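Asks: Before anything else, here's the structure in question.
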Amino acid sequence: MYAVYRNIIHYTFLHYTNPSTLQGMKLIFIYNANSGLLNLYKDVAHKIFSRQTYPCSLCAITYGVLKENDAWKKFRKHSDLSMEFHHIDEFTAKYRSKWLKKFDYPVILAENMEDLDVFISKEELDTLNDSQQLIDLIQTRTISIENEKL
């Protein structure tokens, strides 16, 4: 009987303290763009006149020229995941540290306790064609992490 209680306590401890679980995990989306009205105008013009050379695949997947993609917006609003969104300048201001890893943008990071790890890389984002593929990838990754806890 002692072994059963020990396993229950061990599982409970891992469930609430293991950084690889979704418990306490936040996804941080960082666009390959800076904030501000001037940058917004430049991004809109770039999307209109040269969409194929637009440098932010995350922006292109989640936003049209002027508004957020409907499927992405619905997912974001109804998801149980904790999500935070930043432009490069906002992210570096908030997470500035001499120990901050260098990332290729755009990127989606997972914040577990005090650590930031790549959840979906720039290379992976660049291969996606639409917001549904991004949603599917996020759901697949989070299910995989959840299953690791079991």
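The values are calculated or read from the model by the stated rules, or taken from the named source; none is laboratory data. Keep in mind the model is a prediction, meaning the values are calculated, not measured. Every residue, glycine among them, receives a Cβ derived from its backbone with ideal geometry; neighbour counts consider all protein chains shown. In case anyone asks, the SASA skips ligands and DNA or RNA and just uses the protein heavy atoms, side chains included. Shrake-Rupley method; radii C 1.70, N 1.55, O 1.52, S 1.80 Å.
Asks: Do the conditions hold for Lys74, that is, is it surrounded by fewer than 12 Cβ atoms within 10 Å (Cβ to Cβ), of a type in the set (D, E, K, R) and at pLDDT 80 or above?
Replies: Details: surrounded by fewer than 12 Cβ atoms within 10 Å (Cβ to Cβ): no; of a type in the set (D, E, K, R): yes; at pLDDT 80 or above: yes.
Taking the combined requirement at face value, the residue does not satisfy it.
Asks: Quick one: which residue in Glu123, Glu90 is within 14 Å of the chain's Cα centre (by Cα) and closer than 14 Å to Tyr31 by Cα? Explain how you work it out, then say what you get.
Replies: On the way: Glu90 fails: within 14 Å of the chain's Cα centre (by Cα).
Result: Glu123 is the single residue among Glu123, Glu90 that is within 14 Å of the chain's Cα centre (by Cα) and closer than 14 Å to Tyr31 by Cα.
Asks: Is one or more of the residues making up the stretch 79-91 in a helix (DSSP H, G or I), farther than 20 Å from Asn32 by Cβ, open to solvent by 30 Å² or more (accessible area, probe 1.4 Å) and out of contact with any Gly (no Cβ under 7 Å at 6 or more places or on another chain)? Steps first, please.
Replies: Step one: filter the stretch 79-91 for residues in a helix (DSSP H, G or I), giving 88-91.
From what is left, the residues that are farther than 20 Å from Asn32 by Cβ are none.
No: the stretch 79-91 contains no residue that is in a helix (DSSP H, G or I), farther than 20 Å from Asn32 by Cβ, open to solvent by 30 Å² or more (accessible area, probe 1.4 Å) and out of contact with any Gly (no Cβ under 7 Å at 6 or more places or on another chain).
Asks: Anything in the stretch 99-132 that is within 27 Å of Asp70 (Cβ to Cβ), open to solvent by 70 Å² or more (accessible area, probe 1.4 Å) and either out of contact with any helix residue (DSSP H, G or I) (no Cβ under 9 Å at 6 or more places or on another chain) or not acidic (Asp, Glu) (or both)? List them, or say none.
Replies: Residues satisfying the conditions are Glu123, Thr127, Asn129, Gln132.
Asks: Also, quick follow-up: For the stretch 108-123, does any single residue satisfy the condition of being modelled with pLDDT under 95, farther than 18 Å from Ser82 by Cβ, in contact with a strand residue (DSSP E or B) (Cβ under 8 Å, 6 or more places away or on another chain) and of a type in the set (A, V, I, L, M, F, W, C)?
Replies: no
Asks: Condition check: out of contact with any Pro (no Cβ under 6 Å at 6 or more places or on another chain), touching a residue at least 60 places away in the same chain (Cβ under 8 Å) and either open to solvent by 70 Å² or more (accessible area, probe 1.4 Å) or not in a loop (DSSP other than H, G, I, E, B) (or both). Does Leu58 satisfy that?
Replies: In short, no.
Asks: In addition: Does Arg96 count as out of contact with any Phe, Trp or Tyr (no Cβ under 8 Å at 6 or more places or on another chain), at negative phi, assigned to a loop (DSSP other than H, G, I, E, B) and open to solvent by 30 Å² or more (accessible area, probe 1.4 Å)?
Replies: The answer is yes for Arg96.
Asks: Now, a different point. Which pairs have Cβ atoms under 8 Å, sit 6 or more apart or on different chains, and link a residue in the stretch 120-142 that is aliphatic (A, V, I, L, M) to one that is part of a helix (DSSP H, G or I) and open to solvent by 30 Å² or more (accessible area, probe 1.4 Å)?
Replies: Partner pairs satisfying both residue conditions: Ile120/Leu137; Ile120/Arg141; Leu128/Leu137; Ile135/Ala71; Leu137/Glu124.
Asks: So, in the stretch 113-149, of the ones that are part of a strand (DSSP E or B) and aliphatic (A, V, I, L, M), which residue ends up nearest to Arg76 (Cα to Cα)?
Replies: Taking the candidates together, the pick is Ile120.
Asks: Now, a different point. If Ile145 satisfies every condition in (1) open to solvent by less than 70 Å² (accessible area, probe 1.4 Å); (2) without any contact (Cβ under 8 Å) to a residue 60 or more places away in the chain; (3) closer than 18 Å to Lys26 by Cβ but one, which is the exception?
Replies: The single condition Ile145 does not satisfy is (2).
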